[in-house]
Each structure stands twice: as C-alpha cells, then as structure tokens.
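Reading through the structure tokens given below for one structure.
The values are calculated or read from the model by the stated rules, or taken from the named source; none is laboratory data. It should be emphasised that the depicted structure is a prediction, and the values quoted were computed from it without experimental measurement. With ideal geometry, Cβ positions are generated from the backbone for all residues, glycine too; neighbour counts draw on all protein chains shown. In case anyone asks, the SASA skips ligands and DNA or RNA and just uses the protein heavy atoms, side chains included. Shrake-Rupley method; radii C 1.70, N 1.55, O 1.52, S 1.80 Å.
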Amino acid sequence: MEYLAAHIRETADIAGGYLTGTLFVEGEAVGLQRQNGEEILLDDTYLIEVRNGDAYQQITIQEALTAITGEGWPLYAGLYARVKKGQEEMNTHSKRALWLAINSEHGDRLVEIAQEHTALARDLAVNKHLTDAEKESYKARIEQLRQERETILQQFEQRQQEILEKTFAWEARRMVESGLPGAHQAVAAYSDRLLENKKVLGGVKA
C-alpha cells in the first residue's frame, strides 16, 4: 500500500512537470539520479524539493552540500526528490519557441550542446585533478556552449513573436468589427502585452 501511494505521488509529480529520482551529493556536486540511471547535475537554477514524510521540503544547493547527519554523511543524499528549472529560467524562452527549435534542423545540435555542457559541468564539479588552466578552459567552453544555445533559441523566439503579431492583427480586426462592448479596450490590452514581449526580446527599446 505504501509503495502504491509513493508511486501515485511520483506520477503526480511527473505530471506537474518535475523530474524525479534520488538526490545524490558527491564532493561539491549535487545531482538527481533517475530510475533509468540517468544523472542530472543540479545548480542554483533548479527548484529542489526532497520528500520528508508526506510533505516536501525545499532546499538549496548549498543546503544539500552542507547539511550532514550526526555520522558526517550528507543529510539529504539518498532521499526521493523532485526538481524543475526555476521560474526565471523557464521564462527565458517560451515553451512554443523551445518546441520549434527542438523540432527544427537545429534539434540535434541542441541535444549535443546539452550533453557536452552536462559532461563538462559534472567533470568541473567532481574532478579534483584539474589544473587552474583546465578549469578556466572548461568554464570558457561552457559559456561558449551557452551562447550558442541562446543564439539558436532566440531565432525561434523571434519567429514566435512574428506569429503572435500576425494572429493579433487578425483577431484585433475581428474584435473591432464585432462592435462588442469593451472590444477596443481588449485590443489595447493585448497590444500592450505584445509590446512588452517585444521589449524582452530586444526588438523595442524602453
């Protein structure tokens, strides 16, 4: 019965957009080991929650690294955890733009970038034999990969904006022609939202 209840909770977590698994702490690295054996290195952009009885406790990377048991072992290591990217990171690119990019000719490259980035970040965190020069090289390469990813995704964010503007023009025309009360106010409010989105993308200077 307890296993079934745990399974139901995990299913609910996955449906809620979380990645689930067992939290691990190795040296200066904190990660999530999933049921399929995949290991995800976590950083401060992740929301991390560990299950404490029937409730969830939110923790930070620093807390995961520093909290220890009386015997000196990492306190949160081995616990069931659910994680997802923090809101700021999630909002950087729309889900639609991400979907367009992954399903484009750039999809394979985005996967390669993610894999190389994860491998470098993990080695940087756990490999104690790296020289200072090697560490700087790793960091430079990680930043290079991040910029390449942003350049690709930005293209699709711009396309998404263009689609929104075309859709808005069509819907605005229909709303105004309908003569319904409040139509002009609704169009103005929607126009403001599009303008704000364009500012975020750098298309309009505030």
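Quick check on Val204: is it modelled with pLDDT under 75 and not in a helix (DSSP H, G or I)? Before you say what the answer is, go through the steps one by one.
On the way: modelled with pLDDT under 75: yes; not in a helix (DSSP H, G or I): yes.
In short, yes.
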Within segment 65-78, which residues are of a type in the set (Gly, Ala, Ser) and either free of Cβ contacts under 8 Å to residues at least 12 places away in the same chain or open to solvent by 70 Å² or more (accessible area, probe 1.4 Å) (or both)?
-> Ala67, Gly70, Gly72
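For segment 19-36, give me each residue that is open to solvent by less than 40 Å² (accessible area, probe 1.4 Å) and not polar (S, T, N, Q).
Pass one, segment 19-36, residues open to solvent by less than 40 Å² (accessible area, probe 1.4 Å): 20-21, 23-25, 29-32.
Answer for segment 19-36, where residues must be open to solvent by less than 40 Å² (accessible area, probe 1.4 Å) and not polar (S, T, N, Q): Gly21, Leu23, Phe24, Val25, Ala29, Val30, Gly31, Leu32.
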Any chance you could count how many residues in segment 49-64 are surrounded by fewer than 16 Cβ atoms within 10 Å (Cβ to Cβ) and hydrophobic (A, V, I, L, M, F, W, C)?
-> 1
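Quick grid of which residues meet (1) closer than 20 Å to Glu26 by Cα; (2) surrounded by 15 or more Cβ atoms within 10 Å (Cβ to Cβ); (3) at pLDDT 85 or above:
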| residue | (1), (2), (3) |
| --- | --- |
| Glu112 | no, no, yes |
| Ala121 | yes, yes, no |
| Leu124 | yes, yes, no |
| His129 | yes, no, yes |
| Lys135 | yes, no, yes |
| Gln147 | no, no, yes |
| Glu157 | no, yes, no |
| Ile163 | no, no, no |
Scan segment 100-110 residue by residue and report those that are in a loop (DSSP other than H, G, I, E, B) and crowded, with 16+ Cβ neighbours inside 10 Å.
-> His106
Subset tally (residues that are assigned to a strand (DSSP E or B) and within 17 Å of the chain's Cα centre (by Cα)) for segment 34-57 = 7
